[in-house]
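Here's the structure, in structure tokens; my notes come after.
Please treat every number below as a calculation from the coordinates, not as lab data. The structure presented is a predicted model; accordingly, all values stated were derived computationally and were not measured. No Cβ is skipped: glycine too gets one built from the backbone with ideal geometry, and neighbour counts run over all protein chains shown.
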Amino acid sequence: MTNSTITATIDKILNQTEKSILTDISGELSNSHQKLDDSVSKLEAEYDKIIADGKKEADKIEKQIVGGADIEARNKQLLALESSVNRVFTTALEQITNSDRNSDYANLINSLLEESTQILGTTEVKVFTNSKDRDTVQSALSRFPGSELSSETIDCIGGVKIESKVGSMKFDNTIDAKIDRLKPLIRKEIASKFGVNE
Amino acid sequence: MTDKGGIQYSNIAEIKGPLVVVDDVDNAAFDELVEIETIEGERRLGKVLEVGNGKAIVQVFEGTTGLSISGTSAKFVGKVMEMPVSKDVLGRVFDGLGRPKDGLPDPIADKFIDINGEPMNPEQREYPKDFIQTGVSVIDGLITLVRGQKLPIFSGSGMSHNLLAAQIARQASVVGTNDDFAVVFAAIGVQYSEAEYFRRSLEESGALKRSVLFLNTADDPAIERIITPRVALTVAEYLAFDLGMHVLVILTDMTNYAEALREISAAREEVPGRKGYPGYLYTDLSTIYERAGKLNGRKGSVTQIPILSMPSDDITHPIPDLTGYITEGQIVVGRDLFRQGVYPPINILMSLSRLMKDGIGEGSTREDHAEVANQVYDAYSRAQEVRALAGIVGKAGLTEIDLKYMDVGDVFEKEFLTQATDENRTIEETLAILWKIVSKLPKNEITKIKDKFVDKYYQGE
């Protein structure tokens, strides 16, 4: 084999190797490009997921903070309102306590006795009242045959408590009890005076 | 509500279990509210169960412990038990009788409503067909809850139903509408720690402001449990039909309610029915469950998820059995899945939402929802059969397609069923996982989904 033949063979091998290497390189390059392209979309999807998760978490935290603050503010408002409503009742009770036992009050006692005896279904009752109202009640009892005023006095703002003669039935028609029963009904109206739930 | 008071009677003839028999009573009415006053001035509430021959039988909600015949009196208030309601009840915590438990005053009432509710006119009922998203994939995807539906959760002792209940309460929402949504949560005879968990869970997630909690704990008198679901439903009906909100009512645990009913029935010496429960258990349960629904011409809805723990996991027990007759499907919590550590451990093969078909599909969830759900049901059912077969012949004895179904079963439990307690999945996310499961199967195994949906959503080879 001559030198030129050897050189030609070597060149041929080198060419082939070069070609093969170049083909491999170009193949790998396009593979890399493909992978890069793929990873871009994966990266984008991952990025979107992170953003979406972050947004979800932020929404959650916002809800927690806003919800908690709303509740706290509302609760403080409720407590303030309740204390104002209670002050209204206290003032009203004070006014009733200090009111004169005049003819209007005698009419009130009369209607309280009437209501009580009607509910109990008899006028044969024992009547209890406070020391301040004893005279007013005593004079009203003449209209209720069989009724008697107890010598015991009770602690109340005004009004009467009645009991059947045998003591098995009682009815509380004191002003205190009436206000207790009315309180839930008129709280809304009082609250509306403070600008709530109008 | 009235400003008229009631007569106080002091002739107590007998105290028996949770009942007090009062003698010489005139004009008492069935279901009338009664205030029992002890000799020390302590007041307890009760209601009239029976009247006649001058006697009234009063059921004392707070129990009769410490009461004596002498010195105790009963005041017949002249009205039935009422719950004060207004929008201000949202964000509040009450006890089992509807009294504030959060240190705040009574809500300023717009109305006082009889807790027994008014029966819904069947003619006025509107068929439920709007989707409620709970954020729990297995419910939204396969046992879809619909506004106005009553869908109970049948669970067992010690399982994670309370976690699930709290998660639903935190996450539930109505999609595709700006209507207000509220959750009324009634815990009946739960442990103190569970009650605290419910309260804290709603408070910390910010969901408390749209919720109302009624907490009757295990140490509260059992008889109070008769009232708890009723006050909760009264508030729910007000929010739904007076204020136009969509209300989800979660009642847990109805088994404790039925136990309280049994206690009263035994004290009244009634002829016992199955397992000692009264013969009217079905009727009584229906007075609670039938308070769910939607009304024609009204904006709101009341949806119920009653939760009951089945004694010994027995689905034929009278409580789940009778509940199942009234409600529109059931969600069954499975002991096997629970033991495997799956949360929520819902056994979909025993669960069903009868109204699901009307609440899903185009316009409410997505066009392919029903079909992909059917396909997953079918595939999971087949996966269970293959698992059973693998237990006998071993994995090596399975065909290639059997192995694919096994894979479907695993993916279903690990990726679809399993969900973190604070993970709120949208319906789109849920449907995406369902398609991921379906895509584990070759196309020729997909027989329940139209080709156009397969072409659009299938991700397999």
B:ASP410 versus B:TYR325, label points 7 Å from Cα toward the beta carbon: distance in nm? 4.5
For the stretch B:193-209, take each phi angle, set θ = phi - 60°, evaluate the Karplus expression 6.51 cos²θ - 1.76 cosθ + 1.60, and give the result in whole Hz per residue in order, putting x for glycine and proline. 5, 5, 4, 5, 4, 4, 5, 5, 4, 6, 5, 6, 8, x, 7, 5, 5
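Pulled fully out, how much extra length does the chain show between A:GLU124 and A:ASP180, if you take 0.36 nm times their separation in residues and subtract their Cα-Cα distance?
Values: separation 56, 0.36 × 56 = 20.16 nm, distance 2.66 nm.
This chain segment gains 17.5 nm when fully extended.
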Computed on alpha carbon atoms, what radius of gyration and Dmax characterise the protein assembly as shown, expressed in Å? 34.4, 156
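Determine, for B:MET159, B:MET83, the number of other Cβ atoms within 10 Å of each Cβ, and report the residues in order from fewest to most. Please report the intermediate quantities before stating the final value.
Working: B:MET159 22, B:MET83 25.
Exposure proxy ranking, most exposed first: B:MET159, B:MET83.
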Could you go through the stretch B:325-337 in sequence order and give the Karplus-derived ³J(HN,Hα) for each residue, using 6.51 cos²θ - 1.76 cosθ + 1.60 with θ = phi - 60°, rounded to whole Hz, and x for Gly and Pro? 6, 8, 7, 10, x, 7, 10, 9, 8, x, 5, 4, 5
Taking 0.36 nm per residue of sequence separation and subtracting the Cα-Cα distance, how much length would be gained by fully extending the chain between B:LYS443 and B:ILE315, in nm to one decimal? 42.4 nm
Taking all pairs of distinct alpha-carbon atoms in chain B, Kirkwood radius in angstrom: 23.7
For A:THR23 and A:GLN64, what is the calculated FRET efficiency with R₀ set at 51 Å and r taken between the beta-carbons, to the nearest 0.05? 0.25
DSSP-defined beta bridges in the stretch A:100-193 - what % are antiparallel, rounded to 5: 75
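Averaged over A:65-76, how many beta carbons belonging to a partner chain fall within 10 Å of each residue's beta carbon? All intermediate terms of the calculation are to be shown ahead of the outcome.
Working: counts 1, 2, 11, 6, 2, 6, 9, 1, 0, 6, 5, 1.
Whole-number average of other-chain Cβ neighbours for A:65-76 is 4.
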So what's the angle, to the nearest 10 degrees on a 0 to 90 scale, between helix B:254-267 and the longest Cα principal axis of chain B? 30
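Within 10 Å of each residue's Cβ, count the other Cβ atoms and sort A:ILE119, B:ILE401 from fewest upward. Walk me through the numbers on the way to the answer.
Working: A:ILE119 17, B:ILE401 14.
If I rank by nearby Cβ atoms, fewest first, I get B:ILE401, A:ILE119.
Quick check: residue separation of A:ARG143 and A:LYS165 times 0.36 nm, minus the Cα distance between them. What number comes out in nm?
That pair, A:ARG143 and A:LYS165, stretches by 6.2 nm at full extension.
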Other-chain or far-sequence residues with amide H under 5 Å of B:PHE214's (modelled H): B:PHE94, B:PHE185, B:ALA186, B:ALA187
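Report the calculated FRET efficiency for B:TYR377 and B:ALA420 (r = Cβ-Cβ distance, R0 = 22 Å), to the nearest 0.05.
On the way: r = 24 Å, r/R0 = 1.09.
Rounded to the nearest 0.05, the efficiency is 0.40.
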Counting DSSP beta bridges with both ends in the stretch B:201-360, the antiparallel % (nearest 5): 45
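When ranked by the protection proxy of mean other Cβ atoms within 10 Å per residue, highest first, what sequence do the peptides B:406-418, A:73-85 form? If you can, show how the numbers build up before the last one.
Details: B:406-418: 18.2, A:73-85: 14.9.
By packing density, highest mean first, the sequence is B:406-418, A:73-85.
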Considering amide H positions built from the backbone, and no H for Pro or chain starts, which residues 5 or more places from B:LYS111, or on another chain, come under 5 Å of its amide H? B:VAL85
So if I take the centroid of the Cα atoms in the stretch B:311-373 and the same for the stretch B:123-196, what is the distance between those two points in Å? 12
Work out from phi, with θ = phi - 60° and the Karplus expression 6.51 cos²θ - 1.76 cosθ + 1.60, the ³J(HN,Hα) of each residue of the stretch B:424-435, listed in order in whole Hz, and give x for Gly and Pro. 10, 8, 6, 5, 5, 5, 4, 5, 4, 5, 4, 5
Amide H partners (placed H, <5 Å) of B:LYS150, local residues excluded: B:GLN304, B:GLU328
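Divide by every residue of chain B the summed helix terms, -39500 (n - 2.57) for each DSSP H run of at least 4, and state the resulting mean residue ellipticity at 222 nm, rounded to the nearest 500 deg cm²/dmol.
Working: 13 runs with 137 residues, N = 461.
When only DSSP H runs of four or more count, the value is -9000 deg cm²/dmol.
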Over what distance in Å are the Cα centres of the stretch B:201-275 and the stretch B:401-461 separated? 38
Please report the antiparallel percentage of the DSSP beta bridges confined to the protein assembly as shown, to the nearest 5. 60
Where in the stretch B:134-161 does the label zone of B:ASN178 land, with the point 7 angstrom along Cα→C-beta and an amide N cut-off under 16 Å? none
According to a simple spin-label model (label point 7 Å from Cα along Cα-to-Cβ), what is the distance in nm between B:SER193 and B:ILE69? 4.4
Label point distance in nm, A:SER30-A:ARG74, each placed 7 Å from Cα along Cα→Cβ: 6.5
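In debye, nearest 20, what is the charge dipole magnitude of the stretch B:186-298 about its Cα centre with +1 on Lys and Arg Cβ and -1 on Asp and Glu Cβ, if you could check?
On the way: 13 positive and 16 negative charges, 90 e Å.
The calculated dipole for the stretch B:186-298 is roughly 440 debye.
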By count of other Cβ within 10 Å, fewest leading, how are B:SER309, B:SER73 ordered? B:SER73, B:SER309
